[in-house]
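Visitor: Could you have a look at this structure, given as structure tokens, before my questions?
Please treat every number below as a calculation from the coordinates, not as lab data. Since we're looking at a predicted model, the values are computed, not measured. Reconstructed Cβ throughout: ideal geometry from the backbone, glycine too, with neighbour counts over all protein chains shown.
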Amino acid sequence: MSTFGEYVRKRRMELQEGDPRFSLRKVAVAIDVEPSYLSKIERGEQPPPGEQTIRALAKELGEDPDVLLALAGKVSDDLQKIIRKRPRIFAELIRELKDMPEHAVLRLVREVRDGKW
């Protein structure tokens, strides 16, 4: 798994191949940060930005914000609130899910979402 900065740079560069609006400067302007700051993030010279900037970056790059937040070592505010309501249960659930195959986790998510339990 790559670092946050490496992942962002790779994705931005892939997009830039087909569309010049994904240059470092233009993406920085679109997410309201200085180009030098975004460059330092991509090179790993700065830690990942805060949630709001990560969400803006995810939107600009067409990425899932939760994926970028996870790569940044962060959990979104809305998930933190949910976890704080029942921390023991969610901690146990996450620990139990960590070794399950992806298809089993997805099945469980669908069952909970669809109310078929």
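Visitor: Beta carbons within 10 angstrom, averaged per residue: use that to sort the peptides 48-57, 78-87, highest first.
Guide: Working: 48-57: 18.3, 78-87: 10.9.
Averaged packing, sorted descending, gives the order 48-57, 78-87.
Visitor: Using a simple spin-label model with points 7 Å from Cα along the Cα→Cβ vector, what separation in nm is obtained for Lys81 and Ala104?
Guide: Inter-label distance under the simple model: 3.3 nm.
Visitor: Turning to a different aspect of this structure: Can you give me the P(r) profile for segment 66-117? Cα pairs, bins 5 angstrom wide beginning at 0, each as a whole percent.
Guide: Histogram of Cα-Cα distances, whole percents per bin: 4, 17, 16, 29, 27, 6, 1.
Visitor: Hey, what's the per residue convex hull volume over the C-alpha atoms of the chain, in cubic angstrom?
Guide: Numbers: hull volume 16.3 nm³, N = 117.
Spelled out: Cα convex hull of the chain, divided by residues, is 139 Å³.
Visitor: Under 17 Å from the 7 Å Cα→Cβ point of Gln46, by amide nitrogen: which residues of segment 61-81?
Guide: 61, 69, 72-73
Visitor: Hey, which aspartates and glutamates would be in cross-link range of Lys74, C-alpha to C-alpha under 16 Å, not counting anything within fewer than 8 residues on its own chain?
Guide: Glu51, Glu63, Asp64, Asp66
Visitor: Quick one: dipole size for the chain, taken about the Cα centre, charges +1 on Lys/Arg Cβ and -1 on Asp/Glu Cβ, in debye to the nearest 20.
Guide: Numbers: 23 positive and 21 negative charges, 67 e Å.
Roughly 320 debye, rounded to the nearest 20.
Visitor: Now, a different point. In angstroms, what radius of gyration and Dmax does segment 35-103 have, counting Cα atoms only?
Guide: For segment 35-103, the Cα-based Rg and Dmax read 14.8, 42 Å.
Visitor: My understanding is that a pair violates if its Cα-Cα distance is over 20 Å; which of Lys10/Lys98; Lys10/Lys81; Lys10/Lys59 do that in this structure?
Guide: Values: Lys10/Lys98 27 Å; Lys10/Lys81 32 Å; Lys10/Lys59 16 Å.
Check vs 20 Å cut-off fails for Lys10/Lys98; Lys10/Lys81.
Visitor: Summing Lys, Arg as +1 and Asp, Glu as -1, what charge do residues with Cβ under 12 Å from the Cβ of Arg25 carry, Arg25 excluded?
Guide: Net of charged neighbours comes to +2.
Visitor: Which angle from 0 to 90°, rounded to the nearest 10, does the C-alpha axis of helix 4-18 make with the longest principal axis of the chain?
Guide: That helix lies at roughly 60 degrees to the long axis.
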